[in-house]
Amino acid sequence: MSFDIVLTVNGTRRTIPIPDPRTTLLDLLREGLHLTGTKKGCDRGQCGACTVLVDGRRINSCLALAVSLDGAEVLTIEGLAEGDRLHPVQEAFIAHDGFQCGFCTPGQIMSAVGLIREAQAGNDPERVREAMSGNLCRCGAYAGITEAVLEAQAAMTQAPTSQHPASPRQGEAA
Amino acid sequence: MIPFEYVRATDLAGAVAAGTAPGAVYLAAGTNLLDLMKGGVSRPRRLVDITRLPGLAAVERMGDGSLRIGALARNSDLAHDPAFAKAYPAVAEALLSGASAQLRNAATAAGNVMQRTRCPYFTDTGSACNKREPGSGCDARGGETRLHAILGWSEACIATHPSDFCVPLVALDALVEIAGPAGTRSVPLEAFHRLPGDAPERETVLEPGELITALVLPPDAASFAGHSRYLKVRDRTSYAFAVVSVAVALRLDGGRIAEARLALGGVALKPWRAREAESLLAGRAPDEAAFRAAADAALAGAEPSGDNAFKIELARRLVVRALARTAAGTPERLPALPGSAFAPLPEAAHV
């Protein structure tokens with residue numbers, strides 16, 4: 001039985017038929033919507049190459065069933081830049097050589113955007129490294145990635161703009 | 001992944017009705033389930049999506065002082081909730097020591113409890129596994145057993161339960177609230193997971209159609225807030241399951257231990273409560289001799305299930321270290337690497 005779901009992908013709301021409920025969000029993005037910036041690395045939640053934001057939170061899109069995300073807002077690497085203007089995290093990855101081959105980079109950048117929104121790491125490189133541990137880089141660009149995340153975070157929290165708010169989540173009272 | 005029927009439940013009664021059918025499983029985030037389905041380890045014929053059930057993600061302080069954690073509360077929301085982390089610091093530390101930020105953002109409280117073992121012979125469909133295929137044997141026996149159980153195992157199964165979250169929860173007497181075809185019930189988390197015995201395919205006390213609706217921390221669980229830690233030894237610095245982990249909660253009174261709670265992870269097919277060790281600690285001064293006696297008691301029944309005798313001594317030492325760090329007091333802020341057993345005090349570094 002086919003399900004129609006509604007997803008807002010990179011700001012565009014669309015109704016998408018899901019003929020096979022086995023479809024992951026990752027496969028829907030790549031094969032159904034041709035948004036191939038999100039990469040399939042391990043397809044088992046171990047490498048982080050498929051990281052996207054769903055309702056503002058970074059997740060592994062390979063371990064989410066598309067049909068279950070009906071109504072969600074999805075942000076992928078394609079939705080980050082504003083025209084030719086790169087997102088501060090993208091700028092920082094370039095400035096700090098946060099990649100070599102580039103395969104893990106969309107996932108690294110989306111994970112960094114999620115990390116900055118979570119607002120848990122502060123300007124502590126130890127906490128940034130820990131919070132980025134779900135993204136593997138086989139080229140070993142970790143030093144540059146950590147610097148890029150710290151710099152982008154500093155830029156975004158010092159001068160938040162309406163286009164790229166850091167929007168830290170507030171904790172709720174238990 | 002074999003094909004399955006997708007059913008989206010809109011209320012609890014409908015979920016239970018749909019989930020009682022043979023071959024049906026409940027779907028929350030699916031971070032563990034989908035991985036197992038891709039590998040052909042889990043082969044459900046129907047997925048009952050419970051993510052739309054109303055009210056199941058709430059975290060509520062109840063009138064009697066207990067805390068009710070809705071089944072769908074996300075691991076990261078719980079751990080990063082300042083009031084939760086202040087009242088139950090060992091639980092927050094355990095949550096943040098597990099998995100990756102992406103997985104914690106998706107994974108739910110009940111899903112964490114329901115996650116399956118990471119025994120590589122269970123996840124490899126080419127290997128014999130009594131848990132996956134009852135009666136087929138256990139290729140882990142005599143295989144690569146470095147990370148397998150040292151407590152409560154049987155000839156049929158030597159796997160461990162991989163959860164970090166469950167370890168402090170079991171130390172704090174958490175309850176599991178369950179709904180099913182016969183109504184609702186509540187069982188202690190300590191009695192929720194089954195030891196393997198000769199039926200390792202029966203992993204929990206859940207009956208067909210039953211699902212977890214909440215985890216409940218009793219009123220006194222918050223009384224340990226000043227002295228609560230979770231320490232975890234793992235093969236990688238981050239994003240790795242525990243080789244051995246220890247949750248400790250102490251109530252100190254007049255320089256003595258008034259009450260101790262102690263549980264171990266990565267050692268058995270369930271989070272392992274060490275009650276004899278707790279009894280030994282009660283009334284004693286928090287010193288090295290008391291900690292060593294407790295560690296010996298906690299591991300008294302341990303037996304290697306293969307090439308893993310080192311885990312017994314490792315667990316003893318980790319119990320001693322966890323008790324010492326807990327007695328020194330809960331850190332003001334969670335360490336940069338939550339659960340690190342090697343970090344210098346007071347602030348853990350990424351080692």
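The values are calculated or read from the model by the stated rules, or taken from the named source; none is laboratory data. Every value quoted in this text rests on a predicted model; they were computed, and no experiment measured them. With ideal geometry, Cβ positions are generated from the backbone for all residues, glycine too; neighbour counts draw on all protein chains shown.
Is it the case, given these coordinates, that B:V48 is more than 8 Å from chain A (Cβ to nearest Cβ), among the β-branched types (V, I, T) and farther than 19 Å from B:T184 by Cβ? Spell out the reasoning first.
Values: more than 8 Å from chain A (Cβ to nearest Cβ): yes; among the β-branched types (V, I, T): yes; farther than 19 Å from B:T184 by Cβ: no.
Spelling it out, it is not the case that B:V48 is more than 8 Å from chain A (Cβ to nearest Cβ), among the β-branched types (V, I, T) and farther than 19 Å from B:T184 by Cβ.
In the set A:V67, A:V113, A:V74, which member is out of contact with any Asp or Glu (no Cβ under 6 Å at 6 or more places or on another chain), of a type outside the set (D, E, K, R), assigned to a helix (DSSP H, G or I) and over 19 Å from A:M156 (Cβ atoms)? Before you say what the answer is, go through the steps one by one.
Values: A:V113 fails: over 19 Å from A:M156 (Cβ atoms); A:V74 fails: assigned to a helix (DSSP H, G or I).
The conditions single out A:V67.
Restricting attention to segment A:126-168, report how many residues are surrounded by 22 or more Cβ atoms within 10 Å (Cβ to Cβ) and at pLDDT below 95.
0
Looking for whichever is free of Cβ contacts under 8 Å to residues at least 24 places away in the same chain and over 19 Å from A:V9 (Cα atoms) here; the options are A:G98, A:G102, A:G83. Which one fits? Full working, then the answer.
Details: A:G98 fails: free of Cβ contacts under 8 Å to residues at least 24 places away in the same chain; A:G83 fails: over 19 Å from A:V9 (Cα atoms).
Result of the check over A:G98, A:G102, A:G83: A:G102.
Filter segment B:60-94 for residues that are facing another protein chain (nearest Cβ under 8 Å), crowded, with 20+ Cβ neighbours inside 10 Å and either hydrophobic (A, V, I, L, M, F, W, C) or more than 19 Å from B:A106 (Cβ to Cβ) (or both) and give the result.
Within segment B:60-94, B:L67, B:F84, B:A87 meet the criteria.
Write out, first by first residue and then by second, each pair whose Cβ atoms fall under 6 Å of each other, whose residues are 6+ apart or on separate chains, and whose first residue, in segment B:206-234, is touching a residue at least 12 places away in the same chain (Cβ under 8 Å) and in the same structural domain as B:V267 (by TED's automatic domain parsing) while the second is of a type in the set (F, W, Y) and surrounded by 24 or more Cβ atoms within 10 Å (Cβ to Cβ).
Once the first residue is touching a residue at least 12 places away in the same chain (Cβ under 8 Å) and in the same structural domain as B:V267 (by TED's automatic domain parsing) and sits in segment B:206-234, its partners that are of a type in the set (F, W, Y) and surrounded by 24 or more Cβ atoms within 10 Å (Cβ to Cβ) give B:L211/B:Y26.
On the basis of being closer than 21 Å to A:G45 by Cβ, among the β-branched types (V, I, T), in contact (Cβ under 8 Å) with a residue 60 or more places away in the chain and more than 11 Å from every other protein chain (Cβ to nearest Cβ), does B:T123 make the cut? Give the derivation first.
Details: closer than 21 Å to A:G45 by Cβ: yes; among the β-branched types (V, I, T): yes; in contact (Cβ under 8 Å) with a residue 60 or more places away in the chain: yes; more than 11 Å from every other protein chain (Cβ to nearest Cβ): no.
Here the answer is no, as B:T123 does not meet what is asked.
Okay, residues lined up against (1) surrounded by fewer than 22 Cβ atoms within 10 Å (Cβ to Cβ); (2) of a type in the set (V, I, T):
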| position | (1), (2) |
| --- | --- |
| A:T24 | no, yes |
| A:K40 | yes, no |
| A:Q46 | yes, no |
| A:L53 | no, no |
| A:G71 | yes, no |
| A:V74 | no, yes |
| A:L80 | yes, no |
| A:R85 | yes, no |
| A:D97 | yes, no |
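Residues that are part of a helix (DSSP H, G or I), free of Cβ contacts under 8 Å to residues at least 24 places away in the same chain and either within 15 Å of B:T117 (Cβ to Cβ) or of a type outside the set (D, E) (or both): does segment B:269-276 have at least one? It would help to see each step written out before you state the result.
Going through segment B:269-276, the residues part of a helix (DSSP H, G or I) turn out to be B:275-276.
Filter again for free of Cβ contacts under 8 Å to residues at least 24 places away in the same chain, leaving B:275.
From the residues that got through so far, the ones that are either within 15 Å of B:T117 (Cβ to Cβ) or of a type outside the set (D, E) (or both) too are B:275.
Yes, because at least one residue in segment B:269-276 is part of a helix (DSSP H, G or I), free of Cβ contacts under 8 Å to residues at least 24 places away in the same chain and either within 15 Å of B:T117 (Cβ to Cβ) or of a type outside the set (D, E) (or both).
Sort out which residues of segment A:133-144 are of a type outside the set (A, V, I, L, M) and facing another protein chain (nearest Cβ under 10 Å), and write them in order of number. Write out each step before concluding.
So in segment A:133-144, the residues of a type outside the set (A, V, I, L, M) come out as A:133-135, A:137-140, A:142, A:144.
Within segment A:133-144, A:S133, A:G134, A:N135 meet the criteria.
Name the single residue that is farthest from the other protein chains (Cβ to nearest Cβ) among those in segment B:105-120 being over 13 Å from B:L33 (Cα atoms) and out of contact with any strand residue (DSSP E or B) (no Cβ under 7 Å at 6 or more places or on another chain). First the steps, then the outcome.
The initial filter retains those residues of segment B:105-120 that are over 13 Å from B:L33 (Cα atoms), namely B:105, B:109, B:119-120.
With the extra rule that they be out of contact with any strand residue (DSSP E or B) (no Cβ under 7 Å at 6 or more places or on another chain), the set shrinks to B:119-120.
Working: B:C119: 16, B:P120: 13 Å.
Selected residue: B:C119.
Does B:C166 qualify as being touching a helix residue (DSSP H, G or I) at 6+ places or on another chain (Cβ under 7 Å) and touching a residue at least 40 places away in the same chain (Cβ under 8 Å)?
Working: touching a helix residue (DSSP H, G or I) at 6+ places or on another chain (Cβ under 7 Å): yes; touching a residue at least 40 places away in the same chain (Cβ under 8 Å): yes.
For B:C166, the condition - touching a helix residue (DSSP H, G or I) at 6+ places or on another chain (Cβ under 7 Å) and touching a residue at least 40 places away in the same chain (Cβ under 8 Å) - is met.
I'd like to check something: does segment A:40-62 contain any residue that is farther than 14 Å from B:A106 by Cβ and either outside any loop (DSSP other than H, G, I, E, B) or among the β-branched types (V, I, T) (or both)?
no
Any idea how many residues of segment B:18-27 are more than 9 Å from chain A (Cβ to nearest Cβ) and crowded, with 16+ Cβ neighbours inside 10 Å?
Taking segment B:18-27 first, the residues more than 9 Å from chain A (Cβ to nearest Cβ) are B:18-26.
Imposing the further condition that a residue be crowded, with 16+ Cβ neighbours inside 10 Å reduces the set to B:18-19, B:24-26.
Qualifying residue count, segment B:18-27: 5.
Scan (1) away from every other protein chain (no Cβ under 14 Å); (2) in contact (Cβ under 8 Å) with a residue 40 or more places away in the chain for the single condition B:S238 breaks and write down its number.
Here B:S238 clears every test but (1).
From A:E147, A:E151, A:E130, which residue is at the interface with chain B (Cβ under 7 Å from one of its Cβ atoms) and over 14 Å from the mean Cα position of the chain (by Cα)? Even if it seems obvious, please write down each step before you answer.
Values: A:E147 fails: at the interface with chain B (Cβ under 7 Å from one of its Cβ atoms); A:E151 fails: at the interface with chain B (Cβ under 7 Å from one of its Cβ atoms).
Going through A:E147, A:E151, A:E130 in turn, just one is at the interface with chain B (Cβ under 7 Å from one of its Cβ atoms) and over 14 Å from the mean Cα position of the chain (by Cα): A:E130.
Since B:P134 meets every condition but one in (1) more than 22 Å from A:R44 (Cα to Cα); (2) in a helix (DSSP H, G or I), which condition does it not meet?
(2)
Looking only at segment B:242-268, count how many residues are buried (at least 20 other Cβ atoms within 10 Å of the Cβ) and assigned to a loop (DSSP other than H, G, I, E, B).
Step one: filter segment B:242-268 for residues buried (at least 20 other Cβ atoms within 10 Å of the Cβ), giving B:242-250, B:257, B:260-268.
Next cut, assigned to a loop (DSSP other than H, G, I, E, B) only: B:266-268.
Adding up the residues that qualify gives 3.
Has segment A:105-119 got at least one residue that is over 14 Å from the mean Cα position of the chain (by Cα) and modelled with pLDDT of 95 or more?
Quick first cut of segment A:105-119, residues over 14 Å from the mean Cα position of the chain (by Cα) only: A:119.
Going one step further and asking which of them are modelled with pLDDT of 95 or more, we end up with A:119.
Checked segment A:105-119: at least one residue is over 14 Å from the mean Cα position of the chain (by Cα) and modelled with pLDDT of 95 or more.
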